[in-house]
Amino acid sequence: MIMKRIFRQAQFIRPKNLLFIFLVLAALMISSAIIELRQSKKELVELMTEQAHTLSETVISASRNTLMTNMLIEELIDERLLNNANMVKDLYNKGRVSNAFLQKFARENNLYRINIFTPDGKKIYSSHQQIHNYSESGNEPEDILTPIFTGKTDTLLLGLKAARYEKGFRYAVAVAGKAQSAIVVNLNAAQLLEFRKEVGIGSLLQSLSGNPGILYAAIQDTSGILAASGNIVDLERINTSPFLSKALSDSVLRVRTLDFKGQEVFEAVHSFNYQGEPVGIFRLGISMAPLTVINSRIYRRITIISLLLLVIGFFMFTFIMMRQNLDFTRKQYQSVETYSRNIIQNVSDAIIVFESGEKIRIVNQSAEKLFELKADEVVGKEIRSVFPGMNWLHILDDRFSMQEFPMTIKGKTRHILMSKSHYTDENNQLVYILVARDLTDQKRLEGQIQRRERLTALGQLASGVAHEIRNPLNAIGTVIQQLDRDFEPRRQQDEYHQLSRMVYNEVKRINQTIENFLRFARPEPLQTEVFSLQDFFDELQKQYQPLLETKNISLHIDSEWSETVEWDRRKMKQVFTNLIQNAMEALNSGGRIDIHIRKTKRDFIEMNVADDGPGIPEDIQKKIFNIYFTTKDSGTGIGLSIVQQIVDQHNGTIFLESREGQGTQFSIQIPGKILNGIRN
């Protein structure tokens, strides 16, 4: 902590203070090493005491469990053998026992021997037919079974005993039969002895000797060692040691250090009781070598620290200056990195950074919105797999720097302006940076502005031309009427009057066309009113429903927003009348018209009118809003121009999306309220 503070405030350290700092650091480090030496030794002793206590409790508990397990197993064996012996007894008392029966019974019940003896020790029945010459004294039936032969007891638990004529041990019980005879049932005790060997106390202590840190583990009473690990044959006796005697008399773990075969040993001693009776003590000897190693390491550390302090004193000033420069450089780098990251993430253009192997590294927020994807889902993937419809080989071409092209994103066509740059990273790998801008709305606005300018220019031109044409037309009409009324030729009078009326009617028709054109050039001001959009479209559907049914065309209106708007209701009805009429004319029987209404983030109302008709060819789409352009034999070519004009008056936009064979959609966006009230 002190070093960190020194480094942070290094710019305020003067050279004359370096010596003082050096001495303080040296004193602190040496003091710290000495304190650590003492503390480490204390903590290690405490840790060894705790571990020794835990291990002692575990071994003692396991030893008790081992004794209890052995007793429980012997009880279960006694119970099983007595059950079998009593079954044989019942059959023997009824006179239903023979050697063959005993052989079968012993085999079925997994018994080693079944013998029946008379009170004089003579075997009268046996599951084993081999005859032995009894020669061993003290192990004869008349000696072992005397309590039954004399009637003192009817049951004897003989337990574990050596075999009379064979190697090994047997486990046996005996019950009294008729006429003070004895029925003896025994098992081969080899498995029992093996089990005792594997799970006994001696085995448990032997397992501890495998730990290199444990020098010995032993259970000891006042007579000597009862069980021990390894080759331990001699330990300090309890009677000669006040420490061990006190450990035997209480239940507290006691620890001490002593010399054992030339090694310093940490010994833990705990009393060993079984069923409330003291049996002896458990002694655990742990090597003190780890503590010695730690002490040696700390001494070496103090020596090394002293040497290092000399080096530190020499390099401290240089290090501080280097640290100052490094901190300054790091802060500058972090500032630039943070600034660059914020710029990349918050710039309005979409940015995608990928390697020459086409694996994406960075995708900013604008790219997520433009391409409708999640950065964490595409980073690390190949760019061609994310945008399979694009010609990435062309984009990676070195000649490509900036290009505008259409791109289909989630089924929608977007006009994208994309620029490319590249650099070589620290791994000498080529990295590309793509910067994309969505020009779709801009293109649509440009197209609408161009159409509006063309219509305005055409209207102004038409207005001037119409004034120049109307006066001569009026004069021609007046002259024709007067000639038709006041003058009559001598011949072909009917043809003359017919031609006069024809000329007059054509003049009227031209004049009416000019009037219509002037109304288009100078549209009526908006007469806005507040009305429900839901009611507006319900009225449209009712108006067209009979006609749609006769043509077997369905009209579906899906509204996500149906509140009130402030528009010119009459003119807006004219807009949708034109669009629905055009869709009906484009559809065959069984066609479908969909109108979808929603509110955009800019508080504009978006209304889409789509049909599943044949679509509009691309070359015609550019002309469709031009006045007097039509592909219909009976069309006037003014309908969509009027739609465009009304939408413009409402400060809105309209654009077309169509693909041959995939239908047509007109999208209109208008603010819900015309703030200026009336717009010319």
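Going through region 67-85 one residue at a time, which ones are under 13 Å from LEU156 (Cα atoms) and surrounded by 15 or more Cβ atoms within 10 Å (Cβ to Cβ)? The answer is ASP78, LEU81, LEU82, ALA85.
Looking at GLY639, GLY635, just one residue is at pLDDT below 85, within 17 Å of LYS573 (Cβ to Cβ) and over 47 Å from the mean Cα position of the chain (by Cα), and that residue is GLY639.
Residue by residue, here is whether (1) touching a residue at least 60 places away in the same chain (Cβ under 8 Å); (2) at positive phi holds:
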{"residue": "ILE73", "(1), (2)": "yes, no"}
{"residue": "ASP78", "(1), (2)": "yes, no"}
{"residue": "ASP90", "(1), (2)": "no, no"}
{"residue": "GLY95", "(1), (2)": "no, yes"}
{"residue": "PHE105", "(1), (2)": "no, no"}
{"residue": "LEU111", "(1), (2)": "yes, no"}
{"residue": "GLN129", "(1), (2)": "no, no"}
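Those strands (runs of 3 or more DSSP E) of region 531-618 in which 1 or more residues are touching a residue at least 60 places away in the same chain (Cβ under 8 Å) occupy 564-567, 592-599, 604-611. Within region 525-538, if we keep just the residues that are surrounded by 14 or more Cβ atoms within 10 Å (Cβ to Cβ) and not aliphatic (A, V, I, L, M), the residue that is nearest to LYS599 (Cα to Cα) turns out to be GLN534. Of the set (1) modelled with pLDDT of 75 or more; (2) assigned to a helix (DSSP H, G or I), all apply to VAL97 but (2). Confirm whether LYS601 is surrounded by fewer than 14 Cβ atoms within 10 Å (Cβ to Cβ), charged (D, E, K, R) and modelled with pLDDT under 90. So LYS601 passes the test.
Taking each residue of region 497-513 that is in contact (Cβ under 8 Å) with a residue 24 or more places away in the chain and looking for partners that are of a type in the set (Gly, Ala, Ser) with beta-carbon atoms closer than 8 Å, six or more apart or interchain, yields TYR504/GLY477; VAL507/GLY477; LYS508/GLY477; ASN511/GLY477. Only one entry of ILE416, ILE360 meets the criterion of being under 32 Å from the mean Cα position of the chain (by Cα), outside any loop (DSSP other than H, G, I, E, B), surrounded by 16 or more Cβ atoms within 10 Å (Cβ to Cβ) and at pLDDT 65 or above, and that entry is ILE360.
Those residues that are within 22 Å of LEU215 (Cβ to Cβ) and part of a helix (DSSP H, G or I), I need them from region 246-285; list them, please. Quick ask: steps written out before the conclusion?
Step one: filter region 246-285 for residues within 22 Å of LEU215 (Cβ to Cβ), giving 247-248, 253-272, 280-285.
Listed by number, the residues that qualify are ALA247, LEU248.
Are any residues in region 481-505 assigned to a helix (DSSP H, G or I) and of a type in the set (A, V, I, L, M, F, W, C), and if so, which ones? The answer is LEU483, LEU499, MET502, VAL503. Only one entry of PHE576, PHE520 meets the criterion of being surrounded by 13 or more Cβ atoms within 10 Å (Cβ to Cβ), aromatic (Phe, Trp, Tyr) and modelled with pLDDT under 80, and that entry is PHE520.
Residues in region 568-608 that are within 19 Å of GLN545 (Cβ to Cβ) and of a type in the set (Lys, Arg): LYS573, ARG592.
In region 246-264 there is at least one residue matching the filter, namely being more than 54 Å from the chain's Cα centre (by Cα), at pLDDT 80 or above and crowded, with 19+ Cβ neighbours inside 10 Å. State yes or no: is ALA228 modelled with pLDDT of 75 or more, surrounded by 20 or more Cβ atoms within 10 Å (Cβ to Cβ) and touching a helix residue (DSSP H, G or I) at 6+ places or on another chain (Cβ under 8 Å)? Here the answer is no, as ALA228 does not meet what is asked. Considering each residue of region 337-357 in turn, none proves to be in a helix (DSSP H, G or I), touching a helix residue (DSSP H, G or I) at 6+ places or on another chain (Cβ under 8 Å), at negative phi and at pLDDT 75 or above.
The values are calculated or read from the model by the stated rules, or taken from the named source; none is laboratory data. Remember, predicted model here, so these are calculated numbers, not experimental data. Cβ sites come from the backbone with ideal geometry, for glycine too, and all protein chains shown count toward neighbours.
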